[in-house]
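The values are calculated or read from the model by the stated rules, or taken from the named source; none is laboratory data. Computed from a predicted structure; not experimentally measured. Virtual Cβ from ideal backbone geometry, glycine too; neighbours counted across all protein chains shown.
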Amino acid sequence: MPSVSMICREIIEKDKVEIERGDIVCLHTGFAEMVMEFKKNPTPEALHNTCTGLDGRDDKLLQWISDSGLAVLAADNYAVELFNATPWKTTTHAMLPLHQHCLFKNGIHLGELWYFTPLANWLREHKRNRFLLTAPPLRLPGAVGSPATPVATV
């Protein structure tokens, strides 16, 4: 079975997506749409068995992230990176290597649970894959962190 990372590379090539330095790369899986369809009553089975994510243990993926120059990696699921508790190195390592690689080593932001389905549908209908995305933080004076409030302009 091909890895999610390999599938992403195939989609990028097939759709002729060009990723430039500073881009926000958005991954649409359909997960957020599925959550919305549950109308505030999702089942634990669906939540825990539907989501996919990238494999942070894939060295080729991590190198591609570095080489691409992307600034943000956002997805419509709650796991840009899959969590795997099985040890994979005999030495000390991060539990979430993609998070470590992006956030701590390269300053690349991660976004999760963004609602991309209407945008993805519109882009597919119009045979496009580029758009303007702004994602300012929610204004919370005195707060230490804030959720982003992304807006796409096509």
Seminar exercise, completed: For the range 60-70, the count of residues that are charged (D, E, K, R) and at pLDDT 90 or above equals 1
Exercise. Consider LEU70 against the criteria (1) among the hydrophobic types (A, V, I, L, M, F, W, C); (2) closer than 20 Å to GLY22 by Cα; (3) not in a loop (DSSP other than H, G, I, E, B): it satisfies all of them except one. Which criterion is unmet?
Worked result: (3)
Exercise. Of everything in the range 27-49 that's closer than 20 Å to ILE11 by Cα and of a type in the set (Gly, Ala, Ser), which residue is surrounded by the fewest Cβ atoms within 10 Å (Cβ to Cβ)?
Worked result: GLY30
Problem set entry | Hits in the range 120-154 - residues which are free of Cβ contacts under 8 Å to residues at least 60 places away in the same chain, surrounded by 13 or more Cβ atoms within 10 Å (Cβ to Cβ) and closer than 19 Å to LYS16 by Cα | TRP122, LEU123, PHE131
Seminar exercise, completed: Only one of (1) more than 15 Å from THR117 (Cβ to Cβ); (2) in contact with an Asp or Glu (Cβ under 6 Å, 6 or more places away or on another chain) does not apply to THR29, and that is (1)
Exercise. Which condition number in (1) under 25 Å from GLN100 (Cβ atoms); (2) among the polar types (S, T, N, Q); (3) loosely packed, with under 11 Cβ neighbours inside 10 Å is the one that THR52 fails?
Worked result: (3)
Exercise. Pairs, please: C-beta under 9 Å, at least 6 apart or cross-chain, first residue under 21 Å from VAL72 (Cβ atoms) and modelled with pLDDT under 85 and in the range 1-27, second of a type in the set (D, E, K, R) and surrounded by 15 or more Cβ atoms within 10 Å (Cβ to Cβ)?
Worked result: VAL4/ASP55; VAL4/ASP58; SER5/ASP55; SER5/ASP58
Seminar exercise, completed: Over the range 92-138, the set of residues closer than 14 Å to ASP76 by Cα and of a type in the set (Val, Ile, Thr) is THR117
Seminar exercise, completed: If we keep only residues of the range 107-119 that are crowded, with 18+ Cβ neighbours inside 10 Å and hydrophobic (A, V, I, L, M, F, W, C), then the residue nearest to HIS28 (Cα to Cα) is PHE116
For this session: With the condition kept exactly as written, say whether any residue in the range 55-77 is in contact (Cβ under 8 Å) with a residue 60 or more places away in the chain, within 17 Å of LEU119 (Cβ to Cβ) and among the acidic types (Asp, Glu).
Result: no
For this session: Among what's in the range 28-59 and is β-branched (Val, Ile, Thr) and at pLDDT below 85, pick the residue that is farthest from PHE83 (Cα to Cα).
Result: THR50
